[in-house]
Amino acid sequence: MRRSGLSWILRSVSAAALGLALLGVTSLNAQVDTGSIVGTVTDQSEAVVSGAKVTLTNLGTGASLTTTTGADGIYKFSPVRVGNYKLDVTSQGFQTTTQSGVQVNIGANVGLNFTLKPGSQTETIEVTGAIAVLQTQDASVGQVVDQRNVNNLPLNGRNFTFLAQLVAGVNSPQADTRGNAASGAFSANGLRPAQNNYMLDGIDNNSDTVDFLNGTNYVVLPPVDAIQEFKVQTSDFSAEFGRSGAAVLNATIKSGTNSFHGSVWEFFRNDKLDAADYFERNILANGATQTTKGELRQNQYGFSIGGPVVIPHVFDGRNKVFFFGDYEGLRRRHGVPHSGAVPTLAERNSGYTNLQELITDQSGTQTDALGRTMPTGTILDPATTRQVSPGVYVRDPFGTCPASTTVFTLTACNLNILPAGSLDPNAIALLNLYPLPTGSGISSNFNSSPNLREDRRSFDTRLDLNFSQRDQMFFRFSLVDDPQLIPAIFGGVADGGGFQEGNQTALAQQSALVWTHTFSPTLVNVARGGLNYLHTTRNIPEADNLTDLPSQFGIQGIPQLRENGGLPAFGIQGLATLGGNAFLPSDEVSSTIQLTDDLTKIYGKHTFKMGFEYQHVKFSTLQPPWSRGQFNFDGVYTNQPGASDSTENTGIAQFLLIPTVAHNGGTVDYVGGPGHQNPSSNNSVFISNISLTDNGKNYYGTYINDDWKVSPKLTLNLGLRWDFFGLVYEHHGSQANFVPSGPPTGAPLYLIPAGTNLASLTNFTTLLATDGITPLVTNRYGKGLGTSQKTNFAPRFGFAYQVSPKFVARGGFGLFYNGFENRGFSPNLGENYPFQFNFQFHQPDDNHPLVFPGCTTPGPGGSATGNATLETGFACTPLDPASPLFNPSGLALRGIQFDYVTPYSMSGNFTLQYQLRPTLSVQAGYVTSLGRHLEVFPNSNNVHQLLPATLPAGQSVNNYLPFPDFGQGSSYAIISGNSYYHGLQTKVEKQFSGGLNLLATYTWSKVRSDAYDLLNGFAAGGYRAPDVPGVGIHGDYGLANFDIRNVFHFSGGYELPFGKGKRYMTGGGVADAAAGGWTLVWSTTLQGGQPINFPCPSAVSTGTNCLAYVIPGKNPRTDLHLSSDGHPIMLNAAAFAQPCVVGSTGCNPASPLLALGGPPSQVEGPGFHRLDLSLFKDFLLSERFRLQFRSEFFNILNHPNFNAPGFGGNGVVAISGSTNFTNTTAFGQIGSTRDAPYDPRQIQFALKLYF
């Protein structure tokens, strides 16, 4: 794939060299990447002047266009390319009036009125003064970030999309599980980050790879020196924008002009200049602190150049043909802080027989069903599991005290000493793969900063061609090649990486071709074509190690195929994950073909615009969820029966112990092996085959828009858009859709495209019939196996009323369809049987082992055959349907709601803006948005009633599932989510003048939702009981996980008043050389925290989840303080409680919702405070050359910005027990910073040569 991609690059670049491209004139592109100029021409008596000639000239390219004022004295140029312009106005009997320096920004409607004076046309009046800062022509909410700010503001990594986070209504999300936050992802006006729309030169620039595998929301990222400017629109934008309803980030690349211009740069960073990350320190056993700072060696360098195409004595392209190009390279070696738990030295040195630190490093006690108390962390012997009353079980601790003891203590009973003969030698060998701890204790006792390696290369080429005043064209090609090694916490065979870690390649390409035809000054058509291509791969470091590592540890049947080497993943509660992560290998290719056409007609007071858009998105994905397998050991058999998965940390004991025949009063044989402490919602063993899905979807959109200038003071924006989002389909028909209920028949269906031979799937179809599911092989419902909404009509309305020359009122309302949100691979229908097999097995309950029917593979040490053990691997779950052991029981059935309704949002705003000075304005507005039919993922095989925590003897949760023979947690996407946002957004903005510019925004907002963000944030909680009446999805309606109540941004730049041309030290010489030419630029963010939910420490009902709640009158937050092992703590364990156990004496909750904790009781997490500074000096080398020295300081105050307690993902390992309020030692502990490795203070130096 890579080789063909490079050949495609060469072909595209060759096409660019041949030359079709676009101009730099007025009527260049549609408003998506241009602006407009409108105004009224009057005489000194304020009477309108009709028939006046208005000429617009691009000062960079010399191209011009002329129009005349109408009977109402109004003129308009639309569309107008971003740039610097001059306007000349002439009329019989009046002097010619000229205004230069008219800046047209992207998406801006510039209002510019002229007052003519009597006289001869040969007399010219030069109008001076700043352009009005008021937005008087449209009601959209947003912000232009111009070239000065793009170039000058401090940007860690030179990623211009981070500047979107300075806009009112926008917040910076916490670190997420896909890495998007680290590449500039943001939430705007209470909508999910994956709903944002990225555009470059009017071309779709959105990543459609599953799960954002490349770690960005966009495809290509030009360097800041190539960006002309960009605009972020967050609400009530024009009907010409479709695809999604959140923010639109709309950027445009520079083009050549009649003079050569460009820059050369080198940015340098080194860890010697930086502070250490907060968690790059270890608390040693003697209490001392040791800091080991990760390495950083980074160079970012490149150049840009643009100008006219000139071949001396052959061709002079001034005013006709222009070029622009850039190149940027990045070489980075960066230590990434990791923190996790590994076996302690005492555990390792004892051969894992002494696990007493599980007690000494935790606090609290637990009481079992017999009333016996024992310390938290006590290991119970699975072989003593016995029933003491119907459905109620106990087991005894390892130790010297008899079972009749009522109070077990560590000292008196010598607890947590395991018999060496009961331990699995393979488990011991695997535990020895963990590195030695670097710190003390059992939580986060290992810190490392392995090097991230990145060698990125990127370039952009652009050619603009002005055939005539009527026809212009431009072509652009962009490429980013970004190979990385993203290190895991351990590396090597032990690995321990998350989904976002491993060896990664990412090749991104984008082509754009635009043709503008001007029929007349009032009729312009723009045709546009674009192609995105993105190929991303990722795998674990040992992927090509095919020496059968699993068999070296006794694990059988793991396929040894190309890219599938390495160990399975072992989830051991209390320790960091061991082995390779799920969903790797990943190999994804996406491409988007886009065709659009926009026609603009100016008719009297109306500017009509109408257009059409088509996109075909193709995305193929090789991403087997568990091709190496995943085995969870969560302490279910070594903890008390019914304990939650966040307590005790005894998973290591479950991992070690060989299942044996019951003894010492036990009545259940061979208890042990993989098992999860909440089998009703989580699984123990995961297995899948390897297959490729080749998906596609089509999108069509059309619109009409009318900007009606009712009067010089009032403008109405009227629009209507229609969108159609086709369902995702597999190009070869290799997908199936599980429909658990509802249309088309009201009964459970398993839809498979025609051509599949059901006769060969007898075992599967028999199991479907057993669970009441009808298999249906048909093409009746189209390639997407469902129906999609065709009535997606979206009205848009806005007004702008200029109350006075310095005061404007604006408002608007719009409906926006969100049909392109990246849902990830979870509900991918290509993962369904028989195309891909995803087995998810769980043990019957906390007291019986997982058994594979028909399996004869013996367990370790002669334990029972057929039981799931460490060594079983895939031996009992073959992936060949022809195998006699193939059993479809436990298969995951994935589905998407059959009658799919397009998610949408409704947004509105009312905004007031006042101009204080010619370059200074203040603004305040109310903004709201409501999300409806949002996509949510409640799974398809859940209990439908509130069950007691203890079921009758002989029953398990399977007895209450609608499809008991298939996997729990089967992914299912439905459109039942809702959200509601309202906020006060204020802004103070000063355009550059007098050496100063600034932008300050403050937003107070609140967003509530039951549609948690699947990919782009630390989820505020999972669904507790999505199918239980009285709870459902709406029972989890609470603060969204991107809700941040207060957000303040302040950015700007100030040219220090020293040196030539300034206020002080104007005489030149040494003083000017030392103090002249300096500029200070800053960017600061102060924002509150995001909400956190807390699970119940122990189960209160079978088959559902539960949330802890805050006790009325108690404060859940504490002042930030440190635990004994140096971790920050911010929560008060005494402020939390959980509901009573359903079915227990005296437990009579008023409703199912209250039984599970009531409405979410959420606590605000850590805030985010950051100040970045740039200080640079310009040296004028000559009239054409200027050298700039830059020093940049990121997080100059070195303020640590923490993730929330319990956060895990993207390489971060959560501290076990940090969300369990009964674990008073670990509760509330924070284990990572949100921007690692970019959180601590970092310093960067640079040289830039401008010409």
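The values are calculated or read from the model by the stated rules, or taken from the named source; none is laboratory data. Just so you know, these numbers come straight off a predicted model, no measurement behind them. Cβ placement follows ideal geometry from the backbone for every residue including glycine, while neighbour counts extend to all protein chains displayed.
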Considering every residue within region 703-719, establish whether at least one is β-branched (Val, Ile, Thr), over 30 Å from VAL808 (Cα atoms) and either in contact with a Ser or Thr (Cβ under 6 Å, 6 or more places away or on another chain) or in contact (Cβ under 8 Å) with a residue 12 or more places away in the chain (or both). no
Aromatic (Phe, Trp, Tyr) and either within 29 Å of GLN789 (Cα to Cα) or surrounded by fewer than 21 Cβ atoms within 10 Å (Cβ to Cβ) (or both): which single residue out of PHE992, PHE966 fits that description? PHE992
Please indicate, with yes or no, whether at least one residue in region 874-890 is among the hydrophobic types (A, V, I, L, M, F, W, C), within 36 Å of the chain's Cα centre (by Cα) and at pLDDT below 90. yes
Can you find a residue in region 480-496 that is modelled with pLDDT of 95 or more and polar (S, T, N, Q)? yes
Meets criteria (in contact with a helix residue (DSSP H, G or I) (Cβ under 9 Å, 6 or more places away or on another chain) and surrounded by fewer than 17 Cβ atoms within 10 Å (Cβ to Cβ)) for THR787: no
Within the set of pairs 6 or more residues apart or between chains, which connect a residue that is touching a residue at least 24 places away in the same chain (Cβ under 8 Å) and farther than 19 Å from THR522 by Cα inside region 41-61 to a residue that is aliphatic (A, V, I, L, M) and not in a strand (DSSP E or B) with Cβ atoms less than 8 Å apart? THR42/VAL49; ASP43/VAL49; VAL48/ALA71; THR61/LEU23; THR61/VAL25
Looking at this structure, is ASN683 over 28 Å from ILE428 (Cα atoms), of a type in the set (S, T, N, Q), buried (at least 20 other Cβ atoms within 10 Å of the Cβ) and within 37 Å of the chain's Cα centre (by Cα)? no
Looking only at strands (runs of 3 or more DSSP E) that fall completely inside region 341-422, which ones have 1 or more residues that are within 44 Å of the chain's Cα centre (by Cα), over 30 Å from VAL1212 (Cα atoms) and touching a residue at least 12 places away in the same chain (Cβ under 8 Å)? 373-375, 392-394
Please indicate, with yes or no, whether at least one residue in region 1103-1116 is outside any loop (DSSP other than H, G, I, E, B) and free of Cβ contacts under 8 Å to residues at least 60 places away in the same chain. yes
Residues of region 499-517 that turn out to be assigned to a loop (DSSP other than H, G, I, E, B) and either surrounded by 23 or more Cβ atoms within 10 Å (Cβ to Cβ) or at pLDDT 95 or above (or both), as a count: 2
Tell me the residue from GLY329, GLY325, GLY377, GLY340 that is in contact with a Phe, Trp or Tyr (Cβ under 8 Å, 6 or more places away or on another chain), within 23 Å of LEU436 (Cα to Cα) and not aliphatic (A, V, I, L, M), please. GLY340
Could you check ASP1178 against (1) farther than 30 Å from LYS1248 by Cβ; (2) surrounded by fewer than 20 Cβ atoms within 10 Å (Cβ to Cβ) and say which number it fails? (1)
Out of region 850-903, which residues are touching a helix residue (DSSP H, G or I) at 6+ places or on another chain (Cβ under 9 Å) and not in a loop (DSSP other than H, G, I, E, B)? PRO860, GLY861, LEU891, GLY895, ILE896
Sort through VAL150, VAL167 and tell me the only one that's among the aliphatic types (A, V, I, L, M) and either surrounded by 24 or more Cβ atoms within 10 Å (Cβ to Cβ) or under 13 Å from the mean Cα position of the chain (by Cα) (or both). VAL167
Just to verify a result, which residue in region 434-472, among those that are of a type in the set (Lys, Arg) and at pLDDT 95 or above, is farthest from GLN356 (Cα to Cα)? ARG462
Determine which single condition ASP1119 fails, assuming it passes every other condition in (1) modelled with pLDDT of 90 or more; (2) on the phi < 0 side of the Ramachandran plot. (1)
If you check ARG1045, ARG1008, which single one turns out to be charged (D, E, K, R) and surrounded by fewer than 18 Cβ atoms within 10 Å (Cβ to Cβ)? ARG1008
Residue by residue through region 904-919, note down the ones that are in contact with a Ser or Thr (Cβ under 9 Å, 6 or more places away or on another chain), under 19 Å from ASN792 (Cα atoms) and either assigned to a loop (DSSP other than H, G, I, E, B) or not polar (S, T, N, Q) (or both). MET906, GLY908
Subset of region 87-111 (residues that are out of contact with any Ser or Thr (no Cβ under 9 Å at 6 or more places or on another chain) and not polar (S, T, N, Q)): VAL102
If we keep only residues of region 1017-1075 that are assigned to a loop (DSSP other than H, G, I, E, B) and of a type in the set (Phe, Trp, Tyr), then the residue nearest to ASN151 (Cα to Cα) is PHE1042
Which of the residues belonging to region 577-592 are assigned to a strand (DSSP E or B), out of contact with any Leu (no Cβ under 6 Å at 6 or more places or on another chain) and not small (Gly, Ala, Ser)? LEU578, VAL589, THR592
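Condition check ((1) assigned to a loop (DSSP other than H, G, I, E, B); (2) more than 30 Å from PHE241 (Cα to Cα); (3) not basic (Lys, Arg)) across all residues:
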{"position": "THR693", "(1), (2), (3)": "no, yes, yes"}
{"position": "ILE704", "(1), (2), (3)": "no, no, yes"}
{"position": "TRP708", "(1), (2), (3)": "no, no, yes"}
{"position": "LEU718", "(1), (2), (3)": "no, no, yes"}
{"position": "LEU727", "(1), (2), (3)": "yes, no, yes"}
Provide a single number: the residues in region 171-212 that are at pLDDT 85 or above, among the aliphatic types (A, V, I, L, M) and not in a strand (DSSP E or B). 2
Taking region 603-629 only, how many residues are closer than 20 Å to LEU829 by Cα and of a type in the set (D, E, K, R)? 1
Strands (runs of 3 or more DSSP E) enclosed by region 761-849 - at least 3 residues per element that are in contact with a Cys (Cβ under 9 Å, 6 or more places away or on another chain), among the hydroxyl-bearing types (Ser, Thr, Tyr) and closer than 30 Å to ALA194 by Cβ: none
